[in-house]
Amino acid sequence: MSTPGPFLHQLVGSMSQGAAGNPTVAMIEAAFAHHGLHWRYVNMEVSPADLGTAVRGAKAMGFRGFNCSLPHKVTVIPHLDGLGESASVMGAVNCVVRRGEDLIGENTDGKGFLKSLEAIIDPRGKSVVLFGAGGAARAIAVELGLAGTRRMTIVNRSEARGAELVSLLRDKLKLDATLVHWRGDFSIPAGTDIVINGTSIGLYAPEARLALDLDSLKPGMVVADVVFSPVRTRLLEDAAARGCRSLDGLGMLVNQGVVGVQYWTGINPDPAVMRRALEAAMGV
Ligand code: NDP
């Protein structure tokens, strides 16, 4: 293990609003340090009005890339030179990568989820129930579709938002996708392999519960949560008690960082080092 030297050989960053205290900085810099890369990852607070100027500035200053979070995930697109496949399908970018002279927009949220999922189940040919149709759910749905998932049921409170995601999955990925308007406890259909909470229910709220008939969770199902704080959400505890295999949201967060570091540097960083740094930064 070595620490960054006095020279800033390469820069990557994060463009967001309210960027202070972003725990992913510690995670990404831990990877750089562990692998002896003299790189820095810096937070930059960028207002929507300044986004185009900031992107041109990052390019002019030779940044290898940057993450962007809300409110820039969609509005950054016109300022880029191209998009990766999943970012193009979902119309949102959270990771920009310099390839030659071009800045290319990628989306690593869904890829991070997929990487974490693939450690316990191959999603090809599987049947999935996904709660939510916001940014995280869209990213996951598109990536699972590209990875060969057979069926997807989107369960969402807002019917219009859910319908938009189902249309995208059907039209752009030719996926067998259906919408359930979420009212009352939802019962997971028999034959479902993977259940995912892609909503913000449970974030910083350990007691919050998903409207879900827990008796419909069967042993052998994989139950995943995008919520990373608390790490063991009520859903994951309930699922484990019914014999399901569970997957926490911290794995997704770590793996989107892993994919970002791979894109920017070309190395395969050690996820355990990154997870430890993230846990320490988040105090979990
Ligand atoms: P969005 O605001 O885009 O979407 C929120 C989703 O949650 C919508 O589907 C919304 O439904 C649903 N929702 C929120 N509250 C309720 C409720 N009380 N009842 C029913 N549905 C509800 O947020 P994001 O998709 O960006 O983020 C969602 C979660 O994912 C957050 O907790 C975020 O921290 C987490 N996340 C985790 C990542 C990771 O790496 N682990 C990465 C990115 C996000 P509706 O459409 O009806 O409003």
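The values are calculated or read from the model by the stated rules, or taken from the named source; none is laboratory data. Quick caveat, the model's predicted, so the values are computed rather than measured. With ideal geometry, Cβ positions are generated from the backbone for all residues, glycine too; neighbour counts draw on all protein chains shown. Accessible surface is based on the protein model in full, side chains and every heavy atom, while ligands, DNA and RNA are left aside. Shrake-Rupley method; radii C 1.70, N 1.55, O 1.52, S 1.80 Å.
Here are a few things to note about the model shown:
- In region 111-247, Cα pairs under 8 Å separated by at least six residues give a relative contact order of 22 percent.
- Antiparallel bridges, percent of DSSP beta bridges restricted to region 111-247 (to nearest 5): 0
- Counting DSSP beta bridges with both ends in the chain, the antiparallel % (nearest 5): 20
- Test item: Cα-centred dipole of the chain, Lys/Arg +1 and Asp/Glu -1 on Cβ, debye: 240
- Here the contact order of the chain, divided by its residue count and restricted to Cα pairs under 8 Å and six or more residues apart, works out to 17 percent.
- More than 19 Å apart - percent of Cα-Cα pairs taken over region 146-251: 46
- Relative pair counts by distance (%), Cα atoms of region 79-205, 10 Å bins: 13, 43, 32, 10, 2, 0
- Percent of Cα pairs exceeding the 20 Å cut-off, where the set is region 7-133: 50
- Taken per residue, the accessible surface of region 111-247 reaches 43 Å², heavy atoms only and a 1.4 Å probe.
- For the chain, the Kirkwood hydrodynamic radius from C-alpha pairs, put into Stokes-Einstein at 4 °C and a viscosity of 1.567 mPa s, yields a diffusion coefficient of 67 µm² per second.
- Diffusion coefficient, µm² s⁻¹, Stokes-Einstein with Kirkwood Rh over alpha-carbon pairs of region 17-91 at 4 °C and 1.567 mPa s: 93
- Electrostatic tally near residue 162: other residues with Cβ closer than 13 Å to its Cβ, Lys and Arg +1, Asp and Glu -1, net +3.
- Residue (of 140, 216, 227) at the positive-pole extreme of region 111-247, dipole from beta-carbon charges: 140
- Using Cβ point charges alone (K and R +1, D and E -1), the dipole size of region 111-247 about the Cα centre works out to roughly 300 debye.
- Label point distance in nm, residue 270-residue 176, each placed 7 Å from Cα along Cα→Cβ: 4.4
- Over all pairs of different C-alpha atoms in region 226-281, the reciprocal of the mean inverse distance, the Kirkwood hydrodynamic radius, equals 12.4 Å.
- Helix-only CD estimate at 222 nm, as mean residue ellipticity for the chain, using -39500 (n - 2.57) per DSSP H run (n ≥ 4): -11000 deg cm²/dmol
- Alpha-carbon geometry of region 63-113: the Rg and the Dmax are 9.8, 29 Å, given in that order.
- Protein accessible area in the chain, 1.4 Å probe - carbon and sulfur %: 53
- Accessible surface comparison of 263, 41, 204, probe 1.4 Å, protein chains only, largest first: the order is 204, 263, 41.
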